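The values are calculated or read from the model by the stated rules, or taken from the named source; none is laboratory data. The model shown is predicted, which means the values in this text are computed figures rather than measured ones. All Cβ positions, glycine included, derive from the backbone under ideal geometry; neighbour counts span all protein chains shown.
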Amino acid sequence: MELNVSASENINGTLVLPLYEGSESVPESCEVGMPTSLKSQINRILSAGDFKAKKKSTMTLLGGEDGKAILVGLGKSDDCTSHDYRKAGAAVTAGIKKSHGNELTVRFDNAGVTNMGAFAEGMMLRDYSYDKYKKKDDDEDDKTEVSVRITCSEEEAKELTKLVIEYNGICKGVHLSRDLGNCPPNDMYPEVFADMARDWAKGYDNVDVTIINYDEALKAGMGGLIAVGKGSARKPCMVIFEMNKNVEGRCPLLVGKGITFDTGGISLKPGANMDEMKYDMGGSATVFGTMEALAQTGHEGKVVAITCMAENMPAANATRPGDVIKGLSGKTIEVLNTDAEGRLVLSDGLWKAGEFDPEYIIDFATLTGACVVALGHEATGLWSNDDDFRTRIHEAGNAVDELAWPMPLLPAFEKEMTNSKIADTRNLGAGRYGGANTAAAFLKQFVPNRGYEKDGEQITWAHMDIAGTYWGSKTNTMVKDGATGVHVRTIHHLITKS
């Protein structure tokens with residue numbers, strides 16, 4: 001989809017007309033350049049109540065020579081937000097068919113730049129499909145890209161163009177995250193991810209990528225990463241992204257769980273739906289996608305990201321339940337279940353983060369089924385050692401309509417995860433209850449103090465459990481199916497605008 005902004009009053013191709021609930025005729029501000037017969041047809045439909053313009057609803061009018069139109073509902077005007085405009089834009093993209101042609105003109109009734117931009121963002125976010133592995137027919141190869149023109153006043157054109165360009169860059173980051181998550185595990189494994197990151201960095205002068213391979217991780221003492229990935233023929237690695245690294249001062253640091261496929265290891269998962277475990281690298285996909293969004297939009301600040309990549313497989317040399325491992329932090333971990341593996345790789349990533357003296361650390365992980373039980377597919381679980389920072393992330397998510405719900409990080413959970421009889425920590429709670437909370441409490445044990453000082457202040461940190469929101473969310477109107485690319489937009493907003 002090619003999307004541009006124009007102050008022209010011409011209607012090229014199919015007209016896209018967003019309307020408020022209760023509209024009985026074409027808004028006067030939208031009438032310019034509209035064929036009389038098309039306007040009459042729309043007015044008849046609206047006055048008869050055949051299209052009520054409820055949120056996300058659409059109706060197509062194919063008037064032949066009289067013109068074509070897509071009516072899209074915004075809901076009631078008194079409670080319509082930019083989120084509703086975004087969802088309406090996504091609904092239009094989802095409904096585009098060959099009969100609509102390759103040109104669309106979107107015309108608003110005094111919507112304002114913010115709402116028009118949100119509509120454009122929704123169209124771009126929904127303009128995604130993962131069909132790399134599908135055989136294409138000859139006519140599909142010749143398919144012309146849809147061109148969308150958003151009309152506005154001359155006074156609005158400059159600001160709206162700037163906004164659309166920014167959203168386009170952010171959407172590229174979201175789509176990259178989705179591509180990574182959707183890629184089948186035979187083609188997406190730690191080394192491939194690392195190679196992609198290295199090649200990606202070549203396209204930007206302000207980005208550097210460092211890869212810590214298996215032997216280097218082993219030598220460094222990354223026991224968590226090694227323990228999870230050593231049973232696979234595709235060995236683990238750590239990928240470090242540095243953007244604008246010469247900029248002075250502390251910076252945000254993102255850490256991603258990157259289990260490219262999770263069998264559960266020796267604690268083997270049930271076979272049903274195991275194919276979904278290709279999404280278990282969603283945390284790293286979110287991190288990579290966020291770096292792409294920041295690069296695309298020309299972010300000039302320093303940002304560092306660490307992705308912890310491994311494939312969790314059962315093998316003769318795989319980690320066993322009952323093993324005790326020592327991570328990069330020097331702390332020992334009693335492995336009670338090898339399917340609680342994400343927290344092991346993150347323990348090394350979080351500790352490594354301290355070397356960069358960051359302003360704050362945020363980790364992303366499809367970590368626990370318990371989080372899905374608690375919040376369904378509607379919200380990401382959000383934990384932090386700093387209440388104000390947790391609120392900032394929550395508000396950033398609200399700003400882009402990606403809900404991150406504050407969860408408790410109670411001392412009792414930390415006590416539960418540090419009461420192993422033979423090690424400093426344990427990778428599983430004492431019982432089935434509060435599993436998402438105990439997982440967060442485990443991770444907190446590996447967030448370093450500033451400068452790694454024993455009695456120093458712990459670096460500000462937040463944990464985002466995206467197990468329920470990175471895939472399987474049928475209510476996420478920005479994506480048809482598969483990986484959602486969730487929180488690329490949240491963190492871009494947090495870093496650039498919060």
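Observations on the model:
- Within region 53-64, residues that are in contact (Cβ under 8 Å) with a residue 40 or more places away in the chain and among the acidic types (Asp, Glu) reach no partner that is assigned to a strand (DSSP E or B) and surrounded by 14 or more Cβ atoms within 10 Å (Cβ to Cβ) with beta carbons closer than 9 Å at six or more positions or on different chains.
- Selection of helices (runs of 4 or more DSSP H) fully inside region 186-254 by the criterion of at least 2 residues being within 24 Å of Glu292 (Cβ to Cβ) returns 190-201.
- Residues in region 377-415 that are surrounded by fewer than 17 Cβ atoms within 10 Å (Cβ to Cβ), closer than 21 Å to Leu125 by Cβ and small (Gly, Ala, Ser): Ala399 alone.
- Selection count where residues are within 19 Å of Glu9 (Cα to Cα), modelled with pLDDT of 95 or more and either hydroxyl-bearing (Ser, Thr, Tyr) or surrounded by fewer than 17 Cβ atoms within 10 Å (Cβ to Cβ) (or both), scope region 41-74: 0
- Residues located in region 204-234, provided they are among the hydroxyl-bearing types (Ser, Thr, Tyr) and farther than 17 Å from Trp351 by Cα: Tyr204, Tyr214, Ser232
- Within region 400-443, the set of residues being under 30 Å from the mean Cα position of the chain (by Cα) and among the basic types (Lys, Arg) comprises Arg426, Arg432.
- Inside region 97-123, residues that are of a type outside the set (Val, Ile, Thr) and assigned to a strand (DSSP E or B) make up a count of 2.
- When every residue of region 81-89 is checked against the conditions, at least one turns out to be among the polar types (S, T, N, Q), in a helix (DSSP H, G or I) and closer than 19 Å to Asn476 by Cα.
- Checked against (1) more than 19 Å from Val488 (Cβ to Cβ); (2) among the basic types (Lys, Arg); (3) within 18 Å of the chain's Cα centre (by Cα), Lys278 passes all but a single condition, namely (1).
- Screening Gly456 on (1) surrounded by fewer than 24 Cβ atoms within 10 Å (Cβ to Cβ); (2) in contact (Cβ under 8 Å) with a residue 12 or more places away in the chain; (3) touching a helix residue (DSSP H, G or I) at 6+ places or on another chain (Cβ under 7 Å); (4) not β-branched (Val, Ile, Thr) shows it passes everything except condition (2).
- Residue count for region 66-98 under the criterion of being of a type in the set (S, T, N, Q) and touching a Ser or Thr at 6+ places or on another chain (Cβ under 6 Å): the result is 1.
- Number of positions in region 2-11 that are over 16 Å from Lys158 (Cα atoms) and surrounded by 17 or more Cβ atoms within 10 Å (Cβ to Cβ): 1
- Listed by first and then second residue, the pairs linking a residue in region 236-249 that is more than 30 Å from Thr319 (Cα to Cα) to a residue that is aliphatic (A, V, I, L, M), with Cβ atoms under 6 Å apart and 6 or more places separating them unless they lie on different chains, are Glu242/Val304; Met243/Val207; Met243/Val303.
- Selection within region 416-440 - among the charged types (D, E, K, R) and surrounded by fewer than 14 Cβ atoms within 10 Å (Cβ to Cβ): Lys421, Arg432
- Residue that is nearest to the chain's Cα centre (by Cα) [pool: residues in region 93-107 that are surrounded by 24 or more Cβ atoms within 10 Å (Cβ to Cβ) and of a type outside the set (Val, Ile, Thr)]: Leu104
For every residue, the table says whether it meets (1) hydrophobic (A, V, I, L, M, F, W, C); (2) buried (at least 19 other Cβ atoms within 10 Å of the Cβ); (3) outside the structural domain of Val372 (by TED's automatic domain parsing); (4) in contact with a Ser or Thr (Cβ under 7 Å, 6 or more places away or on another chain).
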position: Phe261; (1), (2), (3), (4): yes, yes, no, no
position: Ile266; (1), (2), (3), (4): yes, yes, no, yes
position: Pro270; (1), (2), (3), (4): no, no, no, no
position: Ala285; (1), (2), (3), (4): yes, yes, no, yes
position: Ala293; (1), (2), (3), (4): yes, yes, no, no
position: Lys302; (1), (2), (3), (4): no, yes, no, no
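- Ala120 over 20 Å from His487 (Cα atoms), in contact (Cβ under 8 Å) with a residue 24 or more places away in the chain and of a type outside the set (Ser, Thr, Tyr): no
- Residues of region 1-52 classified as touching a residue at least 24 places away in the same chain (Cβ under 8 Å), small (Gly, Ala, Ser) and assigned to a loop (DSSP other than H, G, I, E, B), total: 6
- Yes/no for Thr338 being of a type outside the set (A, V, I, L, M, F, W, C), surrounded by fewer than 24 Cβ atoms within 10 Å (Cβ to Cβ), under 19 Å from Ala440 (Cα atoms) and more than 26 Å from the chain's Cα centre (by Cα): no
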